[in-house]
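Below you'll find the structure, written out as structure tokens, and then a few comments.
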Amino acid sequence: MNRIGLVVIGRNEGQRLKKCLLSAISQLQEIVVYVDSGSTDSSVDLARSLKVDVVELDASVPFTAARSRNAGLAHLLAVNPQIEYVQFIDGDCEIATGWVEFAQNELDAKFDVAVVCGRRREQYPDKSIYNRLCDMEWDTPIGEAKACGGDAMMRVKAFQQVSGFNPTLIAGEEPELCIRLRQMGWKILRLNAEMTLHDAQIMHFKQWWRRSIRAGYAHAEGAWLHGSKPERHWMKESQSILLWGLFIPLLVLGMGWFTHGLSLLLLIGYPLLGVRVFVKARSQKISSENAALYALSCVLSKFAQLLGLLDFLKNLTLQTKTVLIEYKNSCN
């Protein structure tokens, strides 16, 4: 009996999708589904040529990764209601050899665990500083965790118990799902094993900037949904965005005249913030070069994240919904 299904989601991933599907088929020959969110490239034809089931989402409803994953699992269960575990993977990733079997064994052995995930690595970290930043971002501690990322194997029973992903979230849907799972008594585990190779293809500052905007939007929405005690989800992050991205610049400008320019001294806080991040990164055995790069990105991203946070507040006030904040180029 096939106990595992695999859901690949994507939009205009091109050759990245081909590599992803081939890596999936090699481990799960008969129960792989690809969910497409309005691709304008050859993604759908490519998936069908590889004999993979394809679900094309209705474009009249906003596309989100959360919606795609829900639709993918619904299709798998319609084909095989006996599936116990589902491996989710983004179309810009390749699944590591042996990961599916390893993850299944962990879930088989630990009945209180809803989600297992492993090490996601950036495939080409030396192609750009932005890819390198992604690789550092993926390097999270091993053991029980609060959340997973988009690549993870989940227990179908637990997933259904909390009604799956929130399909309206444009980002941050995995931590939000994990909050609801943990509230029901389930655990999230990050395993010491290779899981996926990610191909970010972030080659330009503009792409990194838009990705940071999306992060700011996700932090604000996450705090709105689960910011109360005891979770306080992304409250600290949202407060930090407001402090460094908005309040300090406003203080500097607003008090400049009255303080005869002394308010400019507040700007010293930004290099001090960078130094604090740098020291913490070095304490985690990150090289000096990478720690400095990470510190700089953390400081600069506050301003991009502020735009995302303000976009969320605008949509919340006007009762409107943002569209996907995309940053990747298609890869044909």
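Filtered by the rule that a residue be without any contact (Cβ under 8 Å) to a residue 12 or more places away in the chain and assigned to a helix (DSSP H, G or I), segment 311-322 gives Lys314, Asn315, Thr317, Leu318.
Residue by residue through segment 229-242, note down the ones that are of a type outside the set (Ser, Thr, Tyr), touching a residue at least 12 places away in the same chain (Cβ under 8 Å) and part of a helix (DSSP H, G or I). Listed by number, the residues that qualify are Met235, Glu237, Ile241, Leu242.
Take Asn70 and decide whether it is assigned by TED's automatic domain parsing to the domain that holds Arg121, modelled with pLDDT of 95 or more and out of contact with any Leu (no Cβ under 8 Å at 6 or more places or on another chain).
On the way: assigned by TED's automatic domain parsing to the domain that holds Arg121: yes; modelled with pLDDT of 95 or more: yes; out of contact with any Leu (no Cβ under 8 Å at 6 or more places or on another chain): yes.
Spelling it out, Asn70 is indeed assigned by TED's automatic domain parsing to the domain that holds Arg121, modelled with pLDDT of 95 or more and out of contact with any Leu (no Cβ under 8 Å at 6 or more places or on another chain).
So, Lys206, is that one surrounded by fewer than 14 Cβ atoms within 10 Å (Cβ to Cβ), in contact with a Phe, Trp or Tyr (Cβ under 9 Å, 6 or more places away or on another chain) and closer than 17 Å to Lys302 by Cα or not? Judged against the criteria, Lys206 is a match. For segment 108-126, taking the residues that are out of contact with any strand residue (DSSP E or B) (no Cβ under 7 Å at 6 or more places or on another chain) and modelled with pLDDT under 95, the one that is farthest from Gly164 (Cα to Cα) is identified as Asp126.
Would you confirm whether any residue within segment 148-160 is aromatic (Phe, Trp, Tyr), within 21 Å of Ile4 (Cβ to Cβ), surrounded by 21 or more Cβ atoms within 10 Å (Cβ to Cβ) and in contact with a helix residue (DSSP H, G or I) (Cβ under 9 Å, 6 or more places away or on another chain)?
Looking only at segment 148-160, we keep the residues that are aromatic (Phe, Trp, Tyr), and these are 159.
Narrowing further to those that are within 21 Å of Ile4 (Cβ to Cβ): 159.
The next check asks that each one be surrounded by 21 or more Cβ atoms within 10 Å (Cβ to Cβ); those that pass are 159.
Narrowing the set further to residues that are in contact with a helix residue (DSSP H, G or I) (Cβ under 9 Å, 6 or more places away or on another chain) leaves 159.
Yes, segment 148-160 has at least one match.
Is segment 245-267 home to any residue that is in contact (Cβ under 8 Å) with a residue 60 or more places away in the chain and either closer than 21 Å to His219 by Cα or touching a His at 6+ places or on another chain (Cβ under 6 Å) (or both)? Yes, there is a match, as at least one residue in segment 245-267 is in contact (Cβ under 8 Å) with a residue 60 or more places away in the chain and either closer than 21 Å to His219 by Cα or touching a His at 6+ places or on another chain (Cβ under 6 Å) (or both).
Can you tell me which residue among Lys302, Lys285 is modelled with pLDDT under 95, in the same structural domain as Glu237 (by TED's automatic domain parsing) and either out of contact with any Pro (no Cβ under 6 Å at 6 or more places or on another chain) or not small (Gly, Ala, Ser) (or both)? Going through Lys302, Lys285 in turn, the sole match is Lys285.
The values are calculated or read from the model by the stated rules, or taken from the named source; none is laboratory data. Note that the coordinates shown come from a computational prediction; the quantities given were computed from them, not determined experimentally. Note: ideal-geometry Cβ built from the backbone for every residue, glycine included; neighbour counts use all protein chains shown.
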